[in-house]
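Undergrad: Shown below is the structure under consideration.
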Amino acid sequence: MRATEKHVLQVDRQEFLDGLRLTKRCKSLGAGVVSFADGMLKVQFREFHFKARASGCWYGEATIPATFFKTLAKSPPYGANPLQIVYEQGNVTIGKADTNCKWKAVTPRTIELRANASLAEILTLSIRHSPEHIAESGLTETVARAIQRRDELLAKAAAILEPLGIRQADLRGWLAASLEQRTGG
């Protein structure tokens, strides 16, 4: 995407505001670099950074003056959750406040998946990557088919194990924990 295009994120308001409060403590804040990867907004300053859950499309890094963040910290953006952050034509808008910024475009990363990937490998994609990143890599249908197959297998296993008092929800929880462990989470 070119810098002249519009980039929009929907950010968890409370997590963003919690991070913004940290800026009040810093005397030498430096500019903030706003980026987005794997479902997380990251604001990196010289001394620290904060993150907030987010979704949307943001293919770049916006360098925003420290004074803008200090002003936002003193007068936080109010309104509904999620908080919208928009970059368009050299300008960033957070809530209703806006400022000029420097934009550095970033090429979206593509998720690599082996041609003969196992069902478990495909299912871990939804743990490791955001839905947007999966879609950008053209893997939405592959992941959806894997989830459907997982649900079919869990239903069969639950029917077999039902006399032991094991339900499908139990198996789903066990599988989720097992997949999470595979990702190092």
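Undergrad: May I ask you to list pairs of residues, at least six apart or on different chains, whose Cβ atoms are under 7 Å apart, with the first in region 76-92 being outside any strand (DSSP E or B) and the second being acidic (Asp, Glu) and surrounded by 13 or more Cβ atoms within 10 Å (Cβ to Cβ)?
TA: Going by the 7 Å Cβ cut-off, the qualifying pairs are ASN81/ASP12; PRO82/ASP12.
Undergrad: So for region 18-39 (the condition being open to solvent by less than 60 Å² (accessible area, probe 1.4 Å), in contact with a Cys (Cβ under 7 Å, 6 or more places away or on another chain), under 15 Å from THR93 (Cα atoms) and free of Cβ contacts under 8 Å to residues at least 60 places away in the same chain), does at least one residue qualify?
TA: No, region 18-39 contains no residue that is open to solvent by less than 60 Å² (accessible area, probe 1.4 Å), in contact with a Cys (Cβ under 7 Å, 6 or more places away or on another chain), under 15 Å from THR93 (Cα atoms) and free of Cβ contacts under 8 Å to residues at least 60 places away in the same chain.
Undergrad: In the set ALA62, ALA52, which member is open to solvent by less than 60 Å² (accessible area, probe 1.4 Å), in contact with a Leu (Cβ under 9 Å, 6 or more places away or on another chain) and part of a strand (DSSP E or B)? Outline the logic, then answer.
TA: Working: ALA62 fails: in contact with a Leu (Cβ under 9 Å, 6 or more places away or on another chain).
Sole residue among the options that is open to solvent by less than 60 Å² (accessible area, probe 1.4 Å), in contact with a Leu (Cβ under 9 Å, 6 or more places away or on another chain) and part of a strand (DSSP E or B): ALA52.
Undergrad: Suppose we filter region 128-154 for residues that are touching a residue at least 12 places away in the same chain (Cβ under 8 Å), part of a helix (DSSP H, G or I) and small (Gly, Ala, Ser); how many remain?
TA: Residues meeting the conditions: 1.
Undergrad: Against the conditions (1) open to solvent by 50 Å² or more (accessible area, probe 1.4 Å); (2) in contact with a Leu (Cβ under 7 Å, 6 or more places away or on another chain), where does ILE134 fall short? Just the number, please.
TA: All conditions are met except number (1).
Undergrad: Residues of region 158-178 being aliphatic (A, V, I, L, M), assigned to a helix (DSSP H, G or I) and loosely packed, with under 15 Cβ neighbours inside 10 Å, which ones? So that I can check it myself, show each step before the final result.
TA: So in region 158-178, the residues aliphatic (A, V, I, L, M) come out as 158-161, 164, 166, 169, 171, 175-177.
Retained after the next criterion (residues that are assigned to a helix (DSSP H, G or I)): 158-161, 164, 169, 171, 175-177.
Correct list: ALA159, ILE160, LEU161, LEU164, ALA169, ALA176, ALA177.
Undergrad: Restricting attention to region 65-94, and to residues there that are open to solvent by 50 Å² or more (accessible area, probe 1.4 Å) and touching a Leu at 6+ places or on another chain (Cβ under 8 Å), which single residue is farthest from THR23 (Cα to Cα)? Steps first, please.
TA: Taking region 65-94 as the starting set, the residues that turn out to be open to solvent by 50 Å² or more (accessible area, probe 1.4 Å) are 65, 67, 70-71, 74-75, 78-82, 84, 88-89.
If we keep only those that are touching a Leu at 6+ places or on another chain (Cβ under 8 Å) as well, we get 70, 84.
Values: LYS70: 7, GLN84: 20 Å.
This residue is GLN84.
Undergrad: Checking THR140 against (1) over 26 Å from GLU112 (Cα atoms); (2) open to solvent by 60 Å² or more (accessible area, probe 1.4 Å): exactly one of these is not met. Which one?
TA: Of everything listed in (1) over 26 Å from GLU112 (Cα atoms); (2) open to solvent by 60 Å² or more (accessible area, probe 1.4 Å), THR140 misses just condition (1).
Undergrad: Here's something else I'd like to know. So, in region 95-123, how many residues would count as being out of contact with any Cys (no Cβ under 9 Å at 6 or more places or on another chain), surrounded by 12 or more Cβ atoms within 10 Å (Cβ to Cβ) and over 12 Å from ALA62 (Cβ atoms)?
TA: 11
The values are calculated or read from the model by the stated rules, or taken from the named source; none is laboratory data. Note that the coordinates shown come from a computational prediction; the quantities given were computed from them, not determined experimentally. Cβ: placed from backbone, ideal geometry, glycine included. Neighbour counts: every protein chain shown. For the accessible areas, the whole protein counts, side chains as well, though only heavy atoms, and no ligand, DNA or RNA atoms are used. Shrake-Rupley method; radii C 1.70, N 1.55, O 1.52, S 1.80 Å.
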